[in-house]
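Shown next, in structure tokens, is the structure this report addresses.
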């Protein structure tokens, strides 16, 4: 089961950056990469105790050696549970061929903020810390990471690294993180259900209208427990991740350039709400969607109960392991086009590490071509380097190739009060889409005004 990585609550953070639209790998950059960050109160309190605007912790010392040191040191690493598979693959491969040994600790997603906050206060952070790109800017601002600018820039393939994950950890021109796991949203469909419904199993929806048509067709199969689609109807983060791409693919923006205004009442956004409201009224949305908080939003598709839905790319191998014959494509717009929400995790060396040279040895190894291909791509995951996107492993699997190519269409929205406006339980965004898809859709403009009120604070 995939825990929604964008569905936990956070306390307000006045330091969060204003809007920044970033294009994946081409990365048209107007500022820093940051998006729907969810910081719980424990982290906000703990990090507040560590630093303030006038008393920020001193910058940890930078790594000096190009590839680090491999001398048999034991390194500690923390990562969150949704990415356990990817983390274990990397750690096991590294430990097998190096004197250094990484001791990995997998932390439940909901516990991550509190654990990091407490450790930061007590000086007990691990050597290596990974976190969602929406979290990391806050951690970096609080001084939790070592400056590794010179080392990143010194890599011969530096220009080919996924820049969004580097930008997430960049403050005042200093770089602190590199890509750990690339995650994106995509349209997934169940080919077996498509065949039964008389649809072409090799062609997913290319417009929002086709998405609705396909979902209705599979719902009409009247198979017990099977529905046309599913969504996190009480999970703002889930629908940021999966519904924003509908709007981008339509050629529209989700936020104003300065991040103080929501554009989620546009004609294309309303077309998305209308499609889902029609599906709800037709009974084509899986039971439990209205109450879904994000804890189990990916489970119904894995169980073969859902025909078509936007879904996390990192779950492809899990879907295959569950025996689902899935098709994959970009998330379409009103009249075509494709887009994806580009997310995932970045990793850096913490301020508390006494083994920065050894920790850099792991990070630099992780980005090497051999690692990216034989450990990442071979497992069906998207590589963190643009020069390696088209490789023998992605070429061998049509779905992986689609996901790799889709990264070039990726976007990540950023706004100062994004979390309060979009991700927090009961957020204005949650109110908007719930009224628009479970209600009659008449309050979209008014609900969007409420969104603007939070964004403009």
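The values are calculated or read from the model by the stated rules, or taken from the named source; none is laboratory data. Since the structure is predicted, the reported quantities are computational estimates derived from the model, not experimental observations. For neighbour counting, all protein chains shown are included, and Cβ atoms are generated from backbone atoms with ideal geometry for every residue, glycine included.
A few remarks follow.
- Within the stretch 269-295, the set of residues being in a loop (DSSP other than H, G, I, E, B), touching a residue at least 60 places away in the same chain (Cβ under 8 Å) and crowded, with 16+ Cβ neighbours inside 10 Å comprises 284, 292, 293, 294, 295.
- Residue tally, condition farther than 19 Å from residue 220 by Cβ and in contact with a helix residue (DSSP H, G or I) (Cβ under 8 Å, 6 or more places away or on another chain), over the stretch 300-326: 15
- Restricting attention to the stretch 389-411, the residues being over 24 Å from residue 245 (Cα atoms) and under 21 Å from the mean Cα position of the chain (by Cα) number 0.
- Of the helices (runs of 4 or more DSSP H) lying entirely inside the stretch 362-457, those containing at least 1 residues that are touching a strand residue (DSSP E or B) at 6+ places or on another chain (Cβ under 9 Å) and within 22 Å of residue 89 (Cα to Cα) span 398-406.
- When each of 410, 453 is tested for being closer than 24 Å to residue 132 by Cα and touching a residue at least 24 places away in the same chain (Cβ under 8 Å), the lone residue that passes is 410.
- Summed over the stretch 60-84, residues that are loosely packed, with under 15 Cβ neighbours inside 10 Å and modelled with pLDDT under 95 total 5.
- The set of residues in the stretch 111-154 being out of contact with any strand residue (DSSP E or B) (no Cβ under 8 Å at 6 or more places or on another chain), assigned to a helix (DSSP H, G or I) and touching a residue at least 60 places away in the same chain (Cβ under 8 Å) consists of 113, 114, 117, 118, 119, 120, 121, 138, 150, 151, 154.
- Condition check for residue 186: within 24 Å of residue 378 (Cβ to Cβ) and crowded, with 21+ Cβ neighbours inside 10 Å: yes
- Among the conditions (1) part of a helix (DSSP H, G or I); (2) surrounded by fewer than 17 Cβ atoms within 10 Å (Cβ to Cβ); (3) at pLDDT 95 or above, the only one that residue 103 does not satisfy is (1).
- Of all residues in the stretch 204-222, those satisfying the criterion of being over 28 Å from the mean Cα position of the chain (by Cα) and touching a residue at least 12 places away in the same chain (Cβ under 8 Å) are 216, 217, 218, 219, 220, 221.
- Filtering the stretch 229-268 to residues that are within 27 Å of residue 194 (Cβ to Cβ) and either without any contact (Cβ under 8 Å) to a residue 60 or more places away in the chain or part of a helix (DSSP H, G or I) (or both) leaves 238, 239, 241, 242, 243, 244, 245, 246, 247, 248, 249, 268.
Residues checked against (1) within 21 Å of the chain's Cα centre (by Cα); (2) at pLDDT 95 or above; (3) surrounded by fewer than 24 Cβ atoms within 10 Å (Cβ to Cβ):
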position: 124; (1), (2), (3): no, yes, yes
position: 132; (1), (2), (3): yes, no, no
position: 152; (1), (2), (3): no, yes, yes
position: 165; (1), (2), (3): yes, no, no
position: 168; (1), (2), (3): yes, no, no
position: 172; (1), (2), (3): no, no, yes
